[in-house]
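Accompanying notes for the structure given below.
The values are calculated or read from the model by the stated rules, or taken from the named source; none is laboratory data. Quick caveat: nothing in here was measured; it's all calculated off a predicted structure. In this analysis, Cβ positions are derived from the backbone assuming ideal geometry, glycine residues included, and neighbour counts consider all displayed protein chains. Please note that ligands, DNA and RNA were not included when accessible areas were found on the heavy atoms of the full protein model with its side chains. Shrake-Rupley method; radii C 1.70, N 1.55, O 1.52, S 1.80 Å.
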Amino acid sequence: MFDSLSEKIQGAFRKLAGKGRLSEADVKETMREVRLALLEADVNYRVVREFTARVGERAVGADVLRSLTPAQVVIKIVNEELIALLGEPVRLELGGPPPRTIMLVGLQGSGKTTMAAKLAVHLRKEGQRPLLVAADTYRPAAIKQLEALGGQISVEVHSEGDRVPPPKICANALKRAQREGYSVVLLDTAGRLQIDDRMMTELEEIRKATAPREVLLIVDAMTGQEAVAVAEEFNKRVGLTGLILTKVDGDARGGAALSVRSVTGVPIKFMGVGEKLSDLEPFYPDRLASRILGMGDMLTLIERAESAFSEEQALKLEEKLRSARFTLEDFIEQLHAVRQMGPLTELLGMIPGLQQATKGLPEDMTEKGLVITEAIINSMTREERRNPKIIDASRKRRIARGSGTSVQQVNQLLRQFTQMQQMMKQMQSGRGRNLLSWLR
Ligand SMILES: Nc1nc2c(ncn2[C@@H]2O[C@H](COP(=O)(O)OP(=O)(O)OP(=O)(O)O)[C@@H](O)[C@H]2O)c(=O)[nH]1
Ligand SMILES: [Mg+2]
């Protein structure tokens, strides 16, 4: 459901990553695009404003512009703040003596009845013995619907027809659960098209009659901003312990998912991702965030890069570049660092938009190219590495022999190195100074 949001944010990041160095204006422009993407995804404007302010502040604080890999630092901050926005992963609270009651509330059609059955399946897998309760006596087919679902999954459904008031049905169900040894009682309450007083009063009564461990609001993720107002109202009147987003598989813009936790402070506990009863996922903020940013493996890559290049190494290198003392020895050090991160092909595979990334690469940045380059440099004397100018024809022949390569290949490497040196000199105070920048 986050496809469009995801695409736009990734687009903004791609533009950023394409640049060798970042100016403050670049970062500002990226944040503007992220803000627009969030607003278009129907994320609550207050949430968007706070989010972009926080990211902006951190981006300045983290000294993005002077960091080793500025684009990645921005992406990392956005990712972390997105996770913070989505909240902690919080599981169902099922402590205390059984039977424990879980009350499902929400507007009409939000997916309460379906979710009741999904949760029954989920809880049974965890060793619970669930009882479903038909507490919707208003919609004619509601009881039948729950009974049909219960039959499908072989979970007992407690119903007393549509004449008994729901709070009474729920209280009776609780007594029955105690008698018959059910460990969890799931209350499927009635929904209304809009929040009305009678509905709220009835829910308050059910709550009083059953003292539930959990009161979960089922939120249709397709409803966008509206979901936030609904959640606030339910929380005020009934008191919520958790949120469940349904229809996350739909093509809605995802704003609800991103706003509702932050505005209400109530944690999201599950997501419904389809009509099948197995389409239930515990809510993991970090996974959702990487899904939105389309960066699954990108984060792994950033972490590997961070551990392969220490800040200290980077500074030392920069100093050398400034003073044009970058030698083949430094070159090989850089190669080692890149190779420490893993096989090159694997690294490239982790970068979203792989094709774009590989297009910009020199041909021998392949794994084999690295091995050859390393072998050639290893066959040089220390002096030769520090001062390649002394490498004459006879030295080239020796190096080629020693590394199992040809004079041509040695020439090629030296040419490349000279080009690199020149390029680096041009950058002067340059920041795109390591081999990693070739990958970006
Ligand atoms: N695609 C998709 N459809 C869902 C999901 N959850 C529920 N639905 C569908 O949404 C519709 C309404 O679901 P119900 O479970 O009946 O909703 P409800 O809140 O009980 O509705 P009322 O009892 O009328 O208030 C059904 O057609 C479900 O199949 C989901 O996660 N994804
Ligand atoms: Mg229902």
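Being more than 22 Å from Thr264 (Cα to Cα), assigned to a loop (DSSP other than H, G, I, E, B) and either away from ligand 2 (no atom under 16 Å from the Cβ) or of a type in the set (S, T, N, Q) (or both), is that true of even one residue in region 184-199? No. Among residues that are open to solvent by 20 Å² or more (accessible area, probe 1.4 Å), among the acidic types (Asp, Glu) and more than 15 Å from Pro99 (Cβ to Cβ), Glu156 is not included. Looking across region 67-88, the residues that are outside any loop (DSSP other than H, G, I, E, B) and at pLDDT 85 or above come down to Ile77, Val78, Asn79, Glu80, Glu81, Leu82, Ile83, Ala84, Leu85, Leu86. For the criterion of being aliphatic (A, V, I, L, M), outside any helix (DSSP H, G or I), crowded, with 22+ Cβ neighbours inside 10 Å and touching a Leu at 6+ places or on another chain (Cβ under 6 Å), Leu245 fails. Is it the case, given these coordinates, that Val184 is open to solvent by less than 30 Å² (accessible area, probe 1.4 Å) and under 25 Å from Leu258 (Cβ atoms)? So Val184 fails the test.
Note on region 32-48: residues that are assigned to a helix (DSSP H, G or I), closer than 18 Å to Glu226 by Cα and touching a residue at least 12 places away in the same chain (Cβ under 8 Å) amount to 5. Checking each residue in region 169-194 for being more than 14 Å from Val157 (Cα to Cα), within 13 Å of ligand 1 (Cβ to nearest atom) and not polar (S, T, N, Q) picks out Ala190, Gly191, Arg192, Leu193.
Out of Gly109, Gly96, Gly127, which single residue is within 16 Å of ligand 1 (Cβ to nearest atom), assigned to a loop (DSSP other than H, G, I, E, B) and either at positive phi or acidic (Asp, Glu) (or both)? Being within 16 Å of ligand 1 (Cβ to nearest atom), assigned to a loop (DSSP other than H, G, I, E, B) and either at positive phi or acidic (Asp, Glu) (or both) holds for just one of Gly109, Gly96, Gly127, which is Gly109.
Of the residues making up region 257-281, those that are open to solvent by 40 Å² or more (accessible area, probe 1.4 Å) and either more than 16 Å from ligand 1 (Cβ to nearest atom) or within 16 Å of the chain's Cα centre (by Cα) (or both) are Arg261, Ser262, Gly265, Glu281. Would it be correct to say that Val184 is free of Cβ contacts under 8 Å to residues at least 40 places away in the same chain, under 23 Å from Gly95 (Cβ atoms) and within 39 Å of the chain's Cα centre (by Cα)? Here the answer is no, as Val184 does not meet what is asked.
Checking region 246-265 against the condition returns a match, with at least one residue being within 16 Å of ligand 2 (Cβ to nearest atom) and not aliphatic (A, V, I, L, M). Tell me which residues, restricted to region 209-233, are more than 12 Å from ligand 1 (Cβ to nearest atom), outside any helix (DSSP H, G or I) and open to solvent by 10 Å² or more (accessible area, probe 1.4 Å). Residues satisfying the conditions are Ala211, Pro212, Arg213, Gln225.
Scanning region 94-116 for residues that are of a type in the set (Gly, Ala, Ser), near ligand 2 (Cβ under 10 Å from one of its atoms) and over 21 Å from Asp196 (Cα atoms) returns a single hit, Ala116.
The set of residues in region 159-181 being part of a loop (DSSP other than H, G, I, E, B) and surrounded by fewer than 13 Cβ atoms within 10 Å (Cβ to Cβ) consists of Gly161, Arg163, Gly181.
Among the residues of region 120-141, those that are open to solvent by less than 50 Å² (accessible area, probe 1.4 Å), out of contact with any Ser or Thr (no Cβ under 6 Å at 6 or more places or on another chain) and either away from ligand 2 (no atom under 16 Å from the Cβ) or under 21 Å from Asp279 (Cβ atoms) (or both) comprise Ala120, Val121, His122, Leu123, Pro130, Leu131, Leu132.
Could you check, for region 142-150, whether at least one of its residues is open to solvent by less than 10 Å² (accessible area, probe 1.4 Å), modelled with pLDDT of 95 or more, in a helix (DSSP H, G or I) and polar (S, T, N, Q)? No, there is no match, as no residue in region 142-150 is open to solvent by less than 10 Å² (accessible area, probe 1.4 Å), modelled with pLDDT of 95 or more, in a helix (DSSP H, G or I) and polar (S, T, N, Q). Suppose we keep only residues that are touching a residue at least 60 places away in the same chain (Cβ under 8 Å) and away from ligand 2 (no atom under 11 Å from the Cβ) within region 142-154. Which one would you say is nearest to Arg179 (Cα to Cα)? Taking the candidates together, the pick is Ile153.
Candidates Arg58, Arg91, Arg54: the one that is more than 16 Å from ligand 2 (Cβ to nearest atom), in a loop (DSSP other than H, G, I, E, B), open to solvent by 10 Å² or more (accessible area, probe 1.4 Å) and basic (Lys, Arg) is Arg91. Asp197 meets the conditions (1) within 15 Å of ligand 1 (Cβ to nearest atom); (2) of a type in the set (Asp, Glu); (3) under 30 Å from Gly254 (Cα atoms); (4) open to solvent by 10 Å² or more (accessible area, probe 1.4 Å) in every case but one. The failed one is (1).
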